[in-house]
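Read through the structure below, which is laid out as structure tokens, and then see the notes.
The values are calculated or read from the model by the stated rules, or taken from the named source; none is laboratory data. It should be emphasised that the depicted structure is a prediction, and the values quoted were computed from it without experimental measurement. Note: ideal-geometry Cβ built from the backbone for every residue, glycine included; neighbour counts use all protein chains shown. Areas reflect the complete protein model, heavy atoms only, side chains present, ligands, DNA and RNA absent. Shrake-Rupley method; radii C 1.70, N 1.55, O 1.52, S 1.80 Å.
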Amino acid sequence: MWFLFFLSFLSRLSVKRPLFAANWKLHIAPIDASAFMRSFLAHYGRHQDRSVLFFPSALAFHAAIDAVKERSDISFGVQNIHWEDKGAFTGENSAAIARSAGARLVLVGHSERRHVFGETEEETGLKVAAAVRAGLIPLICVGETLDQREAGDTETVVLRQLRAAVAKIDASKIDDALIAYEPVWAIGTGRNATPEDASAVHAAIADELKVLVGQRSSGIPILYGGSVNRGNAGALLAAPGVDGLLVGGASLDAEGWATICNTTLTS
Ligand code: PGA
């Protein structure tokens, strides 16, 4: 049953239905997660043409997932995992534990993990490998800092992060992964990348994925993240190569997040 659901989730992703992913970061306690979901569902009807993903904190995960039963268009992931499968790693969660708690996905390489917690590119590779071992879909985040952008190094940095993220596995195994381009200077700053800038980086990522994964890379969705809000969501989603949105701040208000998820799609 789980397996069939998982397969259908993958096949839905492979036709690149737009994805709307909420990264709650260190917000929304368990006690608030079910009320959030009730309010969200009251404002978000089922759309056949898109999927919604939630990344609650590990402790709010259960409350959030429990409040959304029987909605195959809504999936849950965790914000982080340790790269080891088990052992003496106090405070950590493994990919297998996340999977058994109901997670389908895991964020790997988010800029806050890299820049606040000092996660290295090598560690992102280990985490992607751990996710794949446990059957979790990695949502691999890449993005340049403002200094790197101003130095003209955006592509170099983003593609290096991407290669490092898949360095510990047979890259052909990530044809069911998701990628998010999240420029560090755009995260939580109110300054989003323009649709044109996002498209240019997404195109470079897509080209690199072709090299790494081969033809099946065309099924890998590439999301944009960084100061997405209800005002810019439509234009960003309409940009060539943008297959979805990864949203932090604007996903914390149930009604506002539903408005974003209800964005009219232009083909
Ligand atoms: P933001 O965060 O939407 O608040 O900029 C995005 C993210 O960190 O994933």
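Would you list which aspartates and glutamates come within 19 Å of Lys168, measuring only between C-alpha atoms, while excluding same-chain residues fewer than 8 positions from it?
Glu84, Asp85, Glu119, Glu121, Glu122, Glu123, Asp176, Glu208
Set the bar at 29 Å for Cα to Cα. Now go through Lys86/Lys173; Lys16/Lys86; Lys16/Lys127; Lys25/Lys86; Lys127/Lys210 and name every pair that lies beyond it.
Numbers: Lys86/Lys173 22 Å; Lys16/Lys86 34 Å; Lys16/Lys127 24 Å; Lys25/Lys86 24 Å; Lys127/Lys210 22 Å.
Those over the limit are Lys16/Lys86.
To the nearest 500 deg cm²/dmol, what mean residue ellipticity at 222 nm is calculated for the chain from DSSP H runs of n ≥ 4 alone, each contributing -39,500 (n - 2.57), summed and divided by the residues? Working shown, then result.
Numbers: 11 runs with 108 residues, N = 267.
Here the helix-only value at 222 nm equals -12000 deg cm²/dmol.
Compute the length gained on full extension between Arg191 and Glu255: take 0.36 nm times their separation in residues and subtract their Cα-Cα distance, giving the result in nm to one decimal.
Details: separation 64, 0.36 × 64 = 23.04 nm, distance 2.21 nm.
Stretched out fully, the Arg191 to Glu255 stretch lengthens by 20.8 nm.
Let me check I've understood the local charge: for Val52, count other residues with C-beta under 9 angstrom from its C-beta, Lys and Arg +1, Asp and Glu -1. What total comes out?
Values: positive: Arg50, Arg71; negative: Asp73.
Here the charged neighbours net out to +1.
Packing-wise, with mean Cβ within 10 Å as the measure, how do 209-218, 75-84 rank, highest first? All intermediate terms of the calculation are to be shown ahead of the outcome.
Values: 209-218: 15.7, 75-84: 21.9.
Descending mean neighbour count gives 75-84, 209-218.
Report the per residue volume, in Å³, of the convex hull enclosing the C-alpha atoms of segment 19-261. Walk me through the intermediate numbers first.
On the way: hull volume 28.3 nm³, N = 243.
So the per-residue Cα hull volume is 117 Å³.
Tell me, what % of the accessible area of the chain is carbon and sulfur with a 1.4 angstrom probe?
On the way: 6450 of 11740 Å².
That share works out to 55 percent.
So, R0 is 45 Å and r is the distance between the beta-carbons of Thr264 and Asp170; what FRET efficiency does that work out to, to 0.05? Don't skip to the end; give the middle numbers.
Details: r = 39 Å, r/R0 = 0.88.
According to the calculation, E is roughly 0.70.
Can you give me the accessible area per residue for segment 19-261, using a 1.4 Å probe, in Å²? List each step's numbers first, then the result.
Working: 9980 Å² over 243 residues.
Counting only protein heavy atoms, the per-residue value for segment 19-261 is 41 Å².
Please compute the modelled spin-label separation between Asp49 and Arg216, points set 7 Å along Cα→Cβ, answer in nm with one decimal.
2.9
Between Thr120 and Ala58, what is the label-to-label distance in nm when each label sits 7 Å out along the Cα-to-Cβ direction?
So the two model labels end up 2.2 nm from each other.
Round to the nearest 0.05 the FRET efficiency obtained for Leu41 and Ala235 when R0 = 25 Å and r is the Cβ-Cβ distance. Walk me through the numbers before you get to the answer.
Values: r = 26 Å, r/R0 = 1.06.
The computed FRET efficiency comes out at 0.40.
Could the peptides 25-32, 174-181, 128-135 be put in order, highest first, of the mean number of other beta-carbon atoms found within 10 Å of their residues? Could you put the intermediate results ahead of the total?
On the way: 25-32: 14.1, 174-181: 24.6, 128-135: 21.6.
Top to bottom by mean Cβ count within 10 Å: 174-181, 128-135, 25-32.
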